[in-house]
Amino acid sequence: MRIVMIGSGYVGLVSGACLADFGHHITCVDKSAAKIDALEAGEVPIFEPGLDTIIEHNRSSGRLDFSKDLSAPVAAADVVFIAVGTPSRRGDGHADLSYVYAAAREIAASVEGFTVVVTKSTVPVGTGDELERIFREEFPDKDIEVVSNPEFLREGAAISDFKRPDRIVLGTEEPRAIEVMREVYRPLYLNEAPLYFCERRTSELIKYAANAFLAMKITFINEIADLCEQIGADVQKVAKGIGMDKRIGDKFLHPGPGYGGSCFPKDTLALVKTAQDYDSPVRLIETTVAINDNRKRAMGRKVIAACDGSVRGKKIAVLGLTFKPNTDDMRDAPSITIVQALLDGGATVHVYDPEGMDAAKDLLGPVTYGSDAYEIAEGADAVVLITEWDQFRALDFKRLKGLVRTPVLVDLRNIYPTAEVTRHGFSYFAVGKKSEKN
Ligand code: UDX
């Protein structure tokens with residue numbers, strides 16, 4: 001099939017490249033000339049493991065190409081995906097749909113023959129209906145069906161999530177559109193990935209409900225972690241103990257400094273606003289948002305407490321800035337709040353992250369960017385582990401002990417068993433576990 005992906009960001013590029021890998025012909029379109037020029041020069045503008053290889057393979061096979069202009073590719077397309085950004089609107093937290101509607105009107109103007117227009121971007125419930133109204137009223141001579149097809153890709157695992165999904169959600173009840181979407185996802189269907197067809201509004205809500213539930217699950221274990229610290233229990237063992245119940249499941253029960261990223265913070269807020277608009281508030285998610293925001297600030301206080309209540313005039317080494325490992329994405333990363341709290345407390349902060357430092361430079365205050373964990377640990381009064389990159393999972397504590405001024409490790413991802421750290425003379429502070437001062 002001939003497919004066009006409008007928006008060559010994180011979702012559009014991964015989805016386009018993977019659909020090309022299925023044998024379809026994909027044109028990824030983006031208004032950013034710089035992005036398209038980079039892609040045509042063989043550079044991939046985002047960090048996603050394996051994406052460069054899959055793009056190169058499909059470009060050289062002639063199944064994947066790029067364009068700044070959508071008119072010609074759309075005219076020849078069977079399916080057009082809208083994968084443009086839907087950021088939180090300034091001030092009120094609703095999703096900003098201006099890019100979606102602009103793309104939709106451009107698409108409709110260029111469409112020839114029966115074409116399925118798919119919302120791949122995360123869009124509020126009812127957006128598909130609005131698109132259908134626009135097409136019907138402003139482009140009455142065009143034969144377009146609108147389908148909702150939300151993505152459930154995790155940054156850093158996006159390609160495997162696309163190729164081995166738990167389900168493919170497709171919001172449409174139109175037989176012609178159902179037929180076309182079966183064809184798009186036939187290769188996955190052969191992998192037994194269930195195609196789940198439902199009404200369009202149901203499909204749009206599934207995306208928000210899924211992300212909100214996952215954000216709530218993380219926030220639940222984060223609160224249990226705080227309780228564990230007070231009553232002397234071990235949250236990792238609590239998580240394991242409850243996770244063995246198949247009704248709960250063992251995923252997304254890792255406590256940490258709070259969730260970040262381009263999705264959970266934005267989608268929870270958008271769901272809260274939508275629910276309030278329909279006078280049916282989702283109070284559990286309202287509370288999840290409030291708890292998570294507060295948690296990031298609380299983590300700053302946790303580090304200060306680990307430094308005997310003050311970081312003034314002290315050097316703090318921060319390992320990891322991105323909102324999670326295997327990404328360069330700093331959006332809503334807890335490190336932004338934590339680092340600011342340390343700077344406000346009078347600390348000198350040195351930071352290192354394998355991929356996120358370029359993006360961090362626009363977001364962090366006056367910190368020093370280092371070259372690796374050991375370099376920034378030199379003379380530090382505390383080492384703070386914020387993002388669980390693999391390269392931070394086997395630190396040489398003997399070497400670190402000889403570098404730091406004060407042996408304190410604050411491990412906000414519970415990477416290390418307490419004894420492994422304390423036996424090297426460090427005081428160890430974690431999340432949901434007893435702290436050990438040396
Ligand atoms: C999420 C959803 O998982 C994905 O399905 C959706 O399409 C987009 O949003 P993503 O934001 O890329 O994906 O990352 P994810 O792995 O879900 O982590 C989100 C945040 O939760 C990160 O800050 C991560 O550190 C945190 N997290 C995750 C925890 O704190 N504990 C966990 O157990 C899991």
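The values are calculated or read from the model by the stated rules, or taken from the named source; none is laboratory data. Nothing here was measured: the structure is a model prediction, and the numbers come from that model. As a convention, Cβ positions derive from the backbone with ideal geometry for all residues, glycine included, and neighbour counts pool all protein chains shown. Ligands, DNA and RNA are excluded from the accessible area calculation, which covers all protein heavy atoms including side chains. Shrake-Rupley method; radii C 1.70, N 1.55, O 1.52, S 1.80 Å.
General observations
- Residues of segment 188-212 satisfying the condition of being part of a helix (DSSP H, G or I), touching a Leu at 6+ places or on another chain (Cβ under 8 Å) and hydroxyl-bearing (Ser, Thr, Tyr): Tyr189, Ser203, Tyr208
- Within the span defined as segment 310-319, every residue fails to be assigned to a helix (DSSP H, G or I) and in contact (Cβ under 8 Å) with a residue 12 or more places away in the chain.
- Pro73 being modelled with pLDDT under 95, in the same structural domain as Glu112 (by TED's automatic domain parsing), within 22 Å of Val147 (Cα to Cα) and not aliphatic (A, V, I, L, M): no
- Residue check for Thr274: of a type in the set (Ser, Thr, Tyr), more than 10 Å from the ligand (Cβ to nearest atom) and at pLDDT below 95: yes
- Only one of the listed residues (Gly171, Gly256, Gly156) is within 11 Å of the ligand (Cβ to nearest atom) and assigned by TED's automatic domain parsing to the domain that holds Thr115. That residue is Gly156.
- Of all residues in segment 283-311, those being crowded, with 19+ Cβ neighbours inside 10 Å and more than 16 Å from the ligand (Cβ to nearest atom) number 6.
- Residue among Lys246, Lys314 that alone is among the charged types (D, E, K, R), over 30 Å from Ala83 (Cα atoms), outside the structural domain of Val384 (by TED's automatic domain parsing) and away from the ligand (no atom under 16 Å from the Cβ): Lys246
- Count of segment 387-438 residues which are in a helix (DSSP H, G or I) and open to solvent by less than 20 Å² (accessible area, probe 1.4 Å): 4
- Taking segment 318-347 as the range and being among the small types (Gly, Ala, Ser) and either in contact with a helix residue (DSSP H, G or I) (Cβ under 8 Å, 6 or more places away or on another chain) or within 15 Å of the ligand (Cβ to nearest atom) (or both) as the test, the residues that pass are Gly320, Ala333, Ser335, Ala341, Gly345.
- Restricting Asp30, Asp78, Asp21 to those that are open to solvent by less than 30 Å² (accessible area, probe 1.4 Å) and of a type in the set (Asp, Glu) reduces the list to Asp30.
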